[in-house]
Each structure stands twice: as C-alpha cells, then as structure tokens.
Amino acid sequence: MSQTDTMLIIEDSKPIASLIKHIAEQAGYQTDLAMSYAQAEALLASGKSYSVASIDYNLPDAPEGEAIDLVLDTKTPGIVLTGKMDEATRDKILRKPVVDYIPKETAQAYAYLGKLLTRLKLNRYIKVLVVDDSKAARLYLSHLLSRHQFQVSVAENGQAGLDYLVENPDVKLVITDNEMPVMGGIKFVSEARKLYTKDQISIIGLSGNDAGSLSARFIKSGANDFLKKPFCHEEFYCRVVQNIEHLEYVNRIQMLANTDYLTKLGNRRYFFDKAPEAIKRCISQQQSYGLAMIDIDHFKKINDVYGHDAGDVVIAHIADVMRKLFPSAIVARFGGEEFCILFEDASIESVLSELDTLRREIEASEITFNQENIRYTISIGYSEQSENIDLMLSIADNALYQSKTNGRNQVTAQKPELETN
C-alpha cells in the first residue's frame, strides 16, 4: 500500500473531529478537517483529491445532508456520520452512492468507522467477479462493489465466469445470478468448486426467483451465501464483507499453521502440502525438478559457545539468504538447523550451481551478535527427480550425510559423477 491516503473530515464538533482524526491516522490516513460546508467546499475546490471523506449529516450551514452531494460530486467516496437516525433520513442517505452511513449512537460506531477505513484500503487488492446475463445488473453490482474499492470484473454467463476463474485464480469473491443462458448459476457454482475450495474463493448466489428451495440448492452446490433480489445495500455489503473476512481469517490460520515462527519460511507441514503438487505439475509439463536438504555445520557448537539466541540469529540469517537466492522455489525449515528446498523447472547442473552459490555466500558471511563475530558453513545434499517425495528426501538426506562425512561445507548430489565440492 504505497500510495498516500488522505481523508477529508467534515465535522463541526471539535471533540468528534479529533476522535475521527485519531481513528483515521490509526488506519494510515493523513487528514484534512472542514468544520462547515463552506470549508469543505473550499478544500474540494482546491483540486486536492481525497481517498475518502467522513461527512457529518448536520452542519451549521448544511443541516439536511447537503455536504453529501458536495463530496460525491467530486467522485470522492463518502461515509456519512449522523446523529439523526429516523427512517426517512436513512432512506435519503442510502439512495445516494455513499460507501456507508454510521449512526452516532455509541462508541462502537467509531470502532466500526476505523474497521471500515482499514477495509477500504485492503479492498483495493481484492478481485471480485460478477456473473450475470443482465448488463444492467452487472453494472449495478459493479457500482456497489466499486464504492468499496474492490477490483471488479464481469462475466455474462456461467461458462464465461468459469473461463475467467481458470485464467484468474486470484479472484477472492464471486457474485453470481442463477437464471442465465449457456450455464446457470447453480451449475456454475458446482463447476467452480471443482477448481477452488471454499477456503480459496467465496461465492454468493443471487436470484429474484421466489422458489424457497433456491438458497438451499445454491448452498448445497458449493456457494458460501445467498441473497434474494431485490436486496438492501446494507445487507449486500454486510454479506460481502463477512465472506471476505472469513477467507482472510482462514488464510491467517493456514499461514500460522504452515509458517515457521522464527524464519517465516514454510514449515514441514507446508512442504508436504506444496511439494507433491509441484512435482505433479512438473511431471505434467515435462519439466525437470529436484530436492535439496541443507544442514548448518556444527550448529550445537554455535549454541554452546554463543548461546541459543545466537543460534536463532544464524537460522534466521540462512533463511533470509535462501529467500533471496531462491524466490521461486519451495523453501521450508524442517526443524532445528535443517532446511529443504524443492526446485521446479531447473536442470541439475543449474541447481547445483545455485546451491554452491548459497554455500559460498554463507561461508563468506559474518554475523555480529552481542559484539561477537560468528561465521558458519552449511552442508547440502541433492536428489534428482522422482515421483516419490519420500524417496527424494531419503536420497537427498543420504547425500547430505556424504557431505558431512567428507568434511562438511560442500554440496553432494545423488550421482557421484555430479558431485560438486
């Protein structure tokens, strides 16, 4: 999120303006304050652009929400804050293309504002696909989603939507109608689930059909959620955010389960999850691949002489070097001072050269810890490709043992004639 985000705060109460300013800055926004309609008008007329604006509904010189149109006319996303919360006012606000409205009823309202401001920044990086045969419906849904900063793409039927998902696996949310030509929504959901699980993509079904069983049919076919048309904007946004946040929560849990706490590399579980998929991919594409086992030489001595904290620094250092040298490989910490790397689409000669570069860079490194200079080396074993991951690990481990036996600080490959010292 490299761009600078600026928020316009339109609020006539100094205490509330100060609170909103604090919330916005906590969410990473710079702020400008206007305490009246006239001040807001002057700031917007100055040509300065804003990522978002919070708009007090009732201002001394604009008591009936006139500042909302002022902001929206500049294409600035607007969040309305109001202490006037009757049904007529609510309907008046929601008829306008605002991001959201927040009643000034409790302190929780301002916590919601902070969450919404953070959500808007995150949404810029989230891809949403709208699947509907109606051009008007696609446009309407796209406008709703764009207000919340999502990246929106559209498809005119289920088959087109499926084709798009095949080419764009980074889509996180799909909103699909049911009644469509070529391929309907329920069939589309069923086919999409053959490509992506519920932990990878969320799907919300839509329909104006009155059939009571339709929501159940969508859910049973693999949808995460269902909305009946016509729907309320508020409910639509709540469902969208709820499904996106569920995905993010699952991804965080998976990351914690699959990430080594010290190095932030994948752990053993991560490796055994990703490596078989990578091997299948290489085999299907007739690509070369191989596996390396890496061990820090005399690691116990490092711990004994310099302490376990120093050992952690050494482990973190080699992880950083491997991350830099092998950005496209599957790199994992297996435990202790042992690491494993799976290389895809690479010849044995090139991989051995890269591994020796790693060995030489580690040998040349000097780590300073508690005013002590620590130098260390690594031993490496390499195995050529096999469809059996356990066999590859066993061969690489035997090759690593040869490197240790032959004096350490060297790379040994599966075949003696390819040994590199």
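The values are calculated or read from the model by the stated rules, or taken from the named source; none is laboratory data. In this text the structure is predicted, and so the values were computed from the model without any measurement. Using ideal geometry, Cβ is built from the backbone for each residue, glycine included, and neighbour counts are taken over all protein chains shown. Just so you know, the surface numbers come from the protein's heavy atoms only, side chains and all, with ligands and any DNA or RNA stripped out. Shrake-Rupley method; radii C 1.70, N 1.55, O 1.52, S 1.80 Å.
For region 170-193, filtered to residues that are assigned to a helix (DSSP H, G or I) and open to solvent by less than 20 Å² (accessible area, probe 1.4 Å), the residue that is nearest to ARG252 (Cα to Cα) is ALA192. Scanning region 317-335 for residues that are over 24 Å from the mean Cα position of the chain (by Cα), over 23 Å from ILE279 (Cβ atoms) and either among the charged types (D, E, K, R) or open to solvent by 20 Å² or more (accessible area, probe 1.4 Å) (or both) gives a single hit, HIS317.
When you scan region 303-327, how many residues do you find that are in contact with a strand residue (DSSP E or B) (Cβ under 8 Å, 6 or more places away or on another chain), closer than 26 Å to ASN398 by Cα and either outside any helix (DSSP H, G or I) or among the small types (Gly, Ala, Ser) (or both)? So the count comes out to 2. The criterion of being modelled with pLDDT under 95, in contact with a strand residue (DSSP E or B) (Cβ under 6 Å, 6 or more places away or on another chain) and hydroxyl-bearing (Ser, Thr, Tyr) holds for TYR289.
If the condition is being among the polar types (S, T, N, Q) and either under 20 Å from TYR101 (Cβ atoms) or open to solvent by 80 Å² or more (accessible area, probe 1.4 Å) (or both), then region 227-253 contributes only GLN242.
What do you reckon, is GLU167 farther than 24 Å from GLU234 by Cβ and open to solvent by 10 Å² or more (accessible area, probe 1.4 Å)? So GLU167 passes the test. Of the residues making up region 202-240, those that are closer than 30 Å to GLU87 by Cβ, over 25 Å from the mean Cα position of the chain (by Cα) and part of a helix (DSSP H, G or I) are LEU214, SER215, HIS233. Annotation note: of ASN251, ASN243, the sole residue that is out of contact with any Cys (no Cβ under 7 Å at 6 or more places or on another chain), in a helix (DSSP H, G or I) and modelled with pLDDT of 95 or more is ASN243.
Counting just the residues of region 263-302 that are of a type in the set (Gly, Ala, Ser) and not in a helix (DSSP H, G or I), which one comes out nearest to ALA316 (Cα to Cα)?
Among those that are of a type in the set (Gly, Ala, Ser) and not in a helix (DSSP H, G or I), it is GLY266.
The set of residues in region 194-220 being open to solvent by 50 Å² or more (accessible area, probe 1.4 Å) and closer than 20 Å to VAL250 by Cα consists of LYS194, LEU195, THR197, LYS198, ASP199, GLN200, ILE219. Restricting region 301-312 to residues that are touching a residue at least 60 places away in the same chain (Cβ under 8 Å) and open to solvent by 30 Å² or more (accessible area, probe 1.4 Å), the residue that is farthest from ASP260 (Cα to Cα) is TYR306. Kindly establish whether SER46 is at pLDDT 95 or above and out of contact with any strand residue (DSSP E or B) (no Cβ under 6 Å at 6 or more places or on another chain). For SER46, the condition - at pLDDT 95 or above and out of contact with any strand residue (DSSP E or B) (no Cβ under 6 Å at 6 or more places or on another chain) - is not met.
Being touching a Phe, Trp or Tyr at 6+ places or on another chain (Cβ under 7 Å) and within 23 Å of ASP100 (Cα to Cα) is the filter here, so list the residues in region 205-226 that pass it. Correct list: GLY205, PHE226.
For region 141-158, which residues satisfy the criterion of being assigned to a strand (DSSP E or B), surrounded by fewer than 21 Cβ atoms within 10 Å (Cβ to Cβ) and more than 20 Å from the chain's Cα centre (by Cα)?
Within region 141-158, just VAL154 meets the criteria.
Test HIS298 against the stated conditions and say whether it is in contact (Cβ under 8 Å) with a residue 24 or more places away in the chain and surrounded by 17 or more Cβ atoms within 10 Å (Cβ to Cβ).
no
Residues in region 127-140 that are charged (D, E, K, R) and open to solvent by 20 Å² or more (accessible area, probe 1.4 Å) were compared, and the one that is farthest from ILE79 (Cα to Cα) is ASP133.
On the stretch given as region 254-272, residues that are among the charged types (D, E, K, R), in contact with a helix residue (DSSP H, G or I) (Cβ under 7 Å, 6 or more places away or on another chain) and surrounded by 15 or more Cβ atoms within 10 Å (Cβ to Cβ) total 0. At least 3 residues being open to solvent by 10 Å² or more (accessible area, probe 1.4 Å) and either in contact (Cβ under 8 Å) with a residue 40 or more places away in the chain or in contact with a Lys or Arg (Cβ under 9 Å, 6 or more places away or on another chain) (or both) is the threshold, and among the helices (runs of 4 or more DSSP H) wholly inside region 1-115 those reaching it are 14-26. When region 336-349 is filtered for residues that are crowded, with 18+ Cβ neighbours inside 10 Å and in a helix (DSSP H, G or I), only ILE348 remains.
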